[in-house]
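Written below as C-alpha cells is the structure these notes are about.
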Amino acid sequence: MADSFDVRLEVLTADTQLVPRAKEEPPEFPSAGSSQPSFFLETFGCQMNDHDSEKVAGVLVGRGYRQVDSPAAASVILYNTCSIREKAAQKVFSRLGEFKDGQDGGKIIGVLGCLAQQEGQRIFSRAPWVSLVCGSASYRNLPELLAELEAGKRRVSGLDKDTEETFETEVTRRDHPFRAYVTIIEGCDKTCAYCVVPYTRGRERSRTSDSILREVHKLADADYTEIQLLGQTVNSYRDPSDRKLSFSELLLRVAEIRGIRRVRFTTSHPRDFGADIVQAIDSTPVLCDHVHLPVQSGSDRVLRAMQRTYTREEYLDKIALIRAAQRHIDITTDIIVGFPGETDADFEGTLSLMEQVQYAGAFSFKYSPRPNTPALHMADPIPEDEKGRRLAALQEKQRQIQSRCNESLVGTTVEVLVERQSRQENQWSGHSTSNRVISFTSSAEALVGKYVPVSVTHGGPNSLTGEHVI
Ligand code: SAM
Ligand code: SF4
C-alpha cells in the first residue's frame, strides 16, 4: 500500500461529498482509553487486494471506526490476505503467530481475503486466537460480523462465494492522492490449472457501466486524475445493464470524463484481448500506452497443461495487434517457471518468446502448488533448485531486455505524473504513461500531483532518470 501518501476519504453516495484529509493534519489515532472502536488493516498481495482494503476501510470508517497505524493502537486487527503462492500464505500465518498465547490483549483478530476463503474455518483451529474469518464476497457483512463479536460471540465467519453481487461501498478510504482504483469485474471464470483465484474469489461478476462511470465522475470531481480499472480478467468485462457496453467502449467512456488524464487497466487475459482495445488506445491519448498481458509460458505443451486457452502463436497474434498500433504501447507480462512437466526445451521456448516480444517488464514466479487446483496432483514436479535456476536465468534475460528498452528512451521526452519529492534537493519521481518509474531533477516547486514533461537522460534496468523540461 502506498502508505506514504495522505489517505483520502471518498464518499460515493449521490448527496454527499468527498472529505479529503487535509495534508498537514496529523494522523487520526485514538488517545489511550478512547472508547471509539479502531482498526488496523494490513494488506498482502495484488492491487485487487489493495483496493478491497480501501473499501473495507471505507465500510468500517462509515460505521464509526477509526483507522490506526499499528496493531497495538487498535481494538480490531485485520489482515487482508493473499494465497496465490505458498509463501504469501505462510507470511500471513507468521503474522498471526505474533498474537499467540493471548498476546492480543483481548483484541478482535480477523483474517480477510483469499487465504480466509481458501482455508475457511480451518484458520480457527490453526490459530485459535483468530475470531473472524471473512472472504471477499462477504465484506459487505463485515460491520454485522464485528457487531456479533462485540456482543460476545466467540467466532464468526463470512465465507459466501456464490454471491451475484459485486462489492460496492458507499465510502471508500483511498490511499493514493491522484490514482484511484475502480473495480469493474470481480471473480474469474477461467480455469488455469495452477490458480486458486476462481476458488477464492468466486464466479465472474461485472459491474454495470452506469455504476462505474458514476464512480469515475465522483473521482474526477474529487481531483483524482488517474484511474486504474481493475479485474482479474479486466477485459472479460460484460456490461450487465441494457447499455451493454463492451470493454473497449467502457474504456472510451471513462477516458472522456472531464478531469481524467490517464486511464489504465489490469489484468488482461490474452483470449479476450481484441483489436478494438488497441484501436481505443490508439485513438485516445488518455488511455495509457501500456498493456499488461500475462503469457505464463512460451511453450504450447505447457500452455495446454496450464489450461490457458491459447497457443503461443495465438498469443503472438495479440502482440502483433498491439505492435501495429500507431502509438508505441509498452507490453508487460507474468511468467511462471517450473510448472509440472516443464522441460528444458519448454523453458527455452519461454526465453525465446521473451526475446521476440521484448517485454518492458515482467513479473516472474516459481510455480507454487496450491490447494483445490487441478495442477496440484500433476505428474513430474520440477525440483525447487531447478525452478530457482530457471527463474534466475529468466530474470537475467528480462533485465537485459529492460536495460536495452530503457536505454533506447534516452533523448526522448515523456510526460510524468509527479508522485514524490525526494529528500535530496530538486529530486522528484513519478510514473510515465507507460508506467515506467522515472526520477528527475527540477528546480520548480510544488510539483507533486502535476503532469510534467521530462527529458530522459539515463535508462537503467528498472527505471529512468531525467530532467524536467521547463
Ligand atoms: N488473472 C491474471 C491472469 O490471468 O494472468 C493473473 C492473476 S494472478 C493474481 C497473478 C499472477 O500470479 C499470474 O499471472 C501468475 O503468473 C501468478 N500465479 C498464479 N498462480 C500461481 C501459482 N500457483 N504459482 C506461481 N505463480 C502463480
Ligand atoms: Fe487465475 Fe487464470 Fe483466472 Fe488469471 S485467468 S485469475 S491466472 S484462473
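Only the coordinates and a few stated rules stand behind these numbers; no lab work does. Since the model is a prediction, treat every value here as computed from it, not as a measurement. Neighbour counts run over all protein chains shown; Cβ positions are idealised from the backbone, glycine included.
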Q) Regarding the range 402-470, what whole-number volume in Å³ per residue does the convex hull of its Cα atoms give? A) 73
(Q) What number does the range 313-377 give for Rg over Rh if you use C-alpha atoms and the Kirkwood radius? (A) 1.05
Q) Over the chain, what is the relative contact order in whole percent, taking alpha-carbon pairs under 8 Å and six or more residues apart? A) 10
Q.
Taking the beta-carbon count within 10 Å as an exposure proxy, list 290, 217 from fewest neighbours to most.
A. 217, 290
Q. Rg(Cα) of the chain divided by 2.2 N^0.38 Å?
A. 1.00
Q. Taking the range 326-457, how much of its Cα-Cα pair set, in percent, is spaced more than 19 angstrom apart?
A. 61
**Q.** Hydrodynamic radius (Kirkwood) for the range 147-233, which is based on Cα pairs only, to one decimal in Å
**A.** 15.3
**Q.** Mean separation of Cα contacts under 8 Å (6+ apart) over length of the range 246-320, as relative contact order %
**A.** 31
Q: Work out which trypsin sites (Lys or Arg not before Pro) in the chain are exposed loop sites (DSSP not H, G, I, E or B, at most 10 other Cβ within 10 Å) and give the longest gap free of them.
A: 259-422
**Q.** Charge sum, other residues only, whose C-beta stays under 9 Å from residue 330's C-beta, Lys/Arg counted +1 and Asp/Glu -1
**A.** 0
Q: Determine the distance separating the Cα centre of the range 80-145 from the Cα centre of the range 158-205; give it in Å without decimals.
A: 18
Q) Using the count of nearby Cβ atoms within 10 Å as a rough guide to exposure, how do 136, 439 rank from fewest to most? A) 439, 136
Q: Return the lysines within reach of residue 153: Cα separation strictly under 28 angstrom, same-chain partners fewer than 8 residues apart disregarded; answer none if there are no such residues.
A: 55, 91, 100, 107, 161
Q) What is the distance, in nm, between label points placed 7 Å from the Cα along the Cα-to-Cβ direction at residue 384 and at residue 141? A) 3.8
Q.
For the chain, give me the percentage of DSSP beta bridges that are antiparallel, rounded to the nearest 5 percent.
A. 40
Q. Arranged by the count of other C-beta atoms within 10 angstrom, fewest first, what order do 465, 350 take?
A. 465, 350
